[in-house]
Amino acid sequence: MRLHYIFIQLSNVAMIKREVGKDFTFYFICFLLLMIGNNINAQKISIHFQNKAGDKILQADSNYQNAFGENFTVRNFKYYISNIVFYDSVKTQTYPDQYFLIDNADSASQQIELNTSLKNVTAIKFLLGVDSLKNVSGIQTGALDPAKGMFWTWNTGYVMAKLEGNSPSANMPQHAFSYHVGGYKQNEKTAKEIILQLPQKINCTNNCVITIQADILKWFNSAHEIKIATTPFCHEPGELATKFADNYSNMFSIESAK
């Protein structure tokens with residue numbers, strides 16, 4: 001498509017030259033260099049989020065076990081990714097005010113594609129969750145639309161991440177457990193900045209793909225030990241929510257980069 005577009009533009013230039021009868025050589029060369037430059041700089045970076053439970057791909061209603069021997073299945077797993085930053089050895093490229101909702105039930109949502117002018121990438125940074133400003137900016141659209149089921153109220157803001165399922169260990173109706181983790185106020189913040197170094201520098205001049213693993217087992221056992229048997233429910237900001245946030249901040253790792 002890009003080459004076709006270039007050929008069309010070159011034909012237009014040639015037509016103008018014939019009609020006007022002037023020497024367009026200089027302008028033609030400038031135009032050609034500009035088009036080639038745009039074509040070169042239009043490379044893309046794809047980020048693929050691969051949700052897992054340990055070394056197993058996360059699938060609805062499959063059986064998993066956490067570090068405490070508690071068996072469980074997952075019915076719903078969602079989380080926000082925003083404020084992405086790519087690093088190379090000399091500069092960065094940022095994507096402010098872009099928000100993505102990763103939904104384990106929607107494979108298309110697990111793939112983020114961004115244009116980049118960077119030739120190489122050595123690391124990626126992003127926010128797991130929604131920044132404080134958006135939490136107090138009223139009703140949003142797109143990934144932040146309240147219809148997505150990830151918004152509480154203006155006073156409590158967005159659910160940064162959600163994990164729901166069933167476990168024999170949960171002392172709840174139908175043995176359900178439900179974690180809706182949110183909070184943006186001082187001492188209740190659950191959005192977490194994630195920085196991941198790539199295993200090696202990757203060349204993105206011909207596009208590149210970064211696969212990031214999100215391990216839900218970290219929700220239960222990382223910075224804090226949280227058992228389904230004693231904690232099957234979390235639906236409000238506070239101390240428990242911040243503990244979950246401390247845990248899920250450790251769930252990401254680079255699976256591959258190429």
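Could you say whether any residue in segment 187-199 is surrounded by 20 or more Cβ atoms within 10 Å (Cβ to Cβ), in contact with a Phe, Trp or Tyr (Cβ under 6 Å, 6 or more places away or on another chain) and among the hydroxyl-bearing types (Ser, Thr, Tyr)?
no
Given the criteria modelled with pLDDT of 95 or more, among the basic types (Lys, Arg) and surrounded by 17 or more Cβ atoms within 10 Å (Cβ to Cβ), does Lys52 qualify?
Yes.
Return the residues of segment 55-82 that are assigned to a strand (DSSP E or B) and buried (at least 20 other Cβ atoms within 10 Å of the Cβ); say none if nothing qualifies.
Within segment 55-82, Phe72, Val74, Phe77, Lys78, Tyr79, Tyr80, Ile81, Ser82 meet the criteria.
Determine which single condition Asn187 fails, assuming it passes every other condition in (1) farther than 25 Å from Tyr95 by Cα; (2) not in a loop (DSSP other than H, G, I, E, B).
Unmet for Asn187, out of (1) farther than 25 Å from Tyr95 by Cα; (2) not in a loop (DSSP other than H, G, I, E, B): (2).
Any residue at all in segment 129-136 that is within 17 Å of Leu196 (Cα to Cα), in a strand (DSSP E or B), touching a strand residue (DSSP E or B) at 6+ places or on another chain (Cβ under 9 Å) and in contact (Cβ under 8 Å) with a residue 60 or more places away in the chain?
No, the conditions are met nowhere in segment 129-136.
Do we have His175 as at pLDDT 95 or above and under 25 Å from Phe151 (Cβ atoms) here?
no
Cβ contacts < 7 Å: first residue free of Cβ contacts under 8 Å to residues at least 24 places away in the same chain, restricted to segment 212-229; second residue in a loop (DSSP other than H, G, I, E, B), any location; separation 6+ or different chain. Result?
Close Cβ pairs satisfying both conditions: Ile226/Phe220.
Please determine whether any residue of segment 239-255 is buried (at least 19 other Cβ atoms within 10 Å of the Cβ), touching a strand residue (DSSP E or B) at 6+ places or on another chain (Cβ under 9 Å), touching a residue at least 60 places away in the same chain (Cβ under 8 Å) and more than 24 Å from Leu133 (Cβ to Cβ).
Among the residues of segment 239-255, not one is buried (at least 19 other Cβ atoms within 10 Å of the Cβ), touching a strand residue (DSSP E or B) at 6+ places or on another chain (Cβ under 9 Å), touching a residue at least 60 places away in the same chain (Cβ under 8 Å) and more than 24 Å from Leu133 (Cβ to Cβ), which makes the answer no.
Would segment 224-237 turn up any residue that is assigned to a helix (DSSP H, G or I) and closer than 16 Å to Gly129 by Cβ?
No.
Scan segment 224-258 for residues that are among the β-branched types (Val, Ile, Thr) and within 22 Å of His175 (Cβ to Cβ) and jot them down.
Ile226, Ile228, Thr230, Thr231
For segment 150-169, enumerate the residues that are in a loop (DSSP other than H, G, I, E, B) and either free of Cβ contacts under 8 Å to residues at least 40 places away in the same chain or more than 30 Å from Ala67 (Cα to Cα) (or both).
Correct list: Trp152, Thr153, Trp154, Asn155, Thr156, Gly157.
Counting only residues that are surrounded by fewer than 19 Cβ atoms within 10 Å (Cβ to Cβ) and in a strand (DSSP E or B), how many does segment 100-127 have?
9
Scan segment 143-153 and give yes if some residue there is of a type in the set (S, T, N, Q) and touching a strand residue (DSSP E or B) at 6+ places or on another chain (Cβ under 6 Å), otherwise no.
Taking every residue of segment 143-153 in turn, none turns out to be of a type in the set (S, T, N, Q) and touching a strand residue (DSSP E or B) at 6+ places or on another chain (Cβ under 6 Å).
The values are calculated or read from the model by the stated rules, or taken from the named source; none is laboratory data. The structure displayed is predicted, hence computed values, not measured ones. Neighbour counts are summed over all protein chains in view; Cβ atoms, including those assigned to glycine, are modelled from backbone coordinates with ideal geometry.
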